[in-house]
1. So, of the residues in segment 52-111 that are over 25 Å from Glu31 (Cβ atoms) and basic (Lys, Arg), which turns out to be surrounded by the most Cβ atoms within 10 Å (Cβ to Cβ)?
2. Please specify each residue of segment 1-32 satisfying the condition of being touching a Ser or Thr at 6+ places or on another chain (Cβ under 6 Å) and loosely packed, with under 13 Cβ neighbours inside 10 Å.
3. Here is a check on your reading of the model: is Leu94 touching a helix residue (DSSP H, G or I) at 6+ places or on another chain (Cβ under 8 Å) and in contact (Cβ under 8 Å) with a residue 40 or more places away in the chain?
Amino acid sequence: MSVPHLIEFAKTGSAELGFITVAQNSELPFEIKRVYWTYDTPDSVVRGHHAHHDLEQIIFATSGRIEFDLENLRGENQKFILDSPNVGLYIPKLYWRTIMFSHQAVLMCLTSQEYIEEDYIRSYTDFENMKSLHKITESK
């Protein structure tokens, strides 16, 4: 099973002119199928509250600071903070996430699949049930 981790991408430029970062498919753990971004999320709102059956993601904070709380099927929790636009967070499938945004933070996400509603696990109870099944499978 893959694990979430930070990926630092090279940046080119200077403080006087600004910077550019390019992510090529050859540098990624999957081929990009979709890109989306969220913005103007109030800092009092917690987003996420879901996992994916198959989708993998690399997420960037292109502006501001974004905190992720992740949980896997073993019940293990990890926290990540994104605050640099050239650092992405790789999130494999089957990780429940909650996301907190700073004021004016912008999230950009690269995904391994097109949008498929059936891939979402939107109920934490369903995720808990999957955790129970995973424990049974691991103990065999």
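Where a number appears in this text, it was derived from the coordinates with a stated rule and is not lab data. All of these numbers come straight from a predicted model, not from anything done at the bench. When we count neighbours, we look across all protein chains shown, and the Cβ atoms used for this are built from the backbone with ideal geometry, even at glycine.
1. Checked segment 52-111; the qualifying residue surrounded by the most Cβ atoms within 10 Å (Cβ to Cβ) is Arg65.
2. Passing the criteria: only Ile20.
3. Against the criterion (touching a helix residue (DSSP H, G or I) at 6+ places or on another chain (Cβ under 8 Å) and in contact (Cβ under 8 Å) with a residue 40 or more places away in the chain), Leu94 qualifies.
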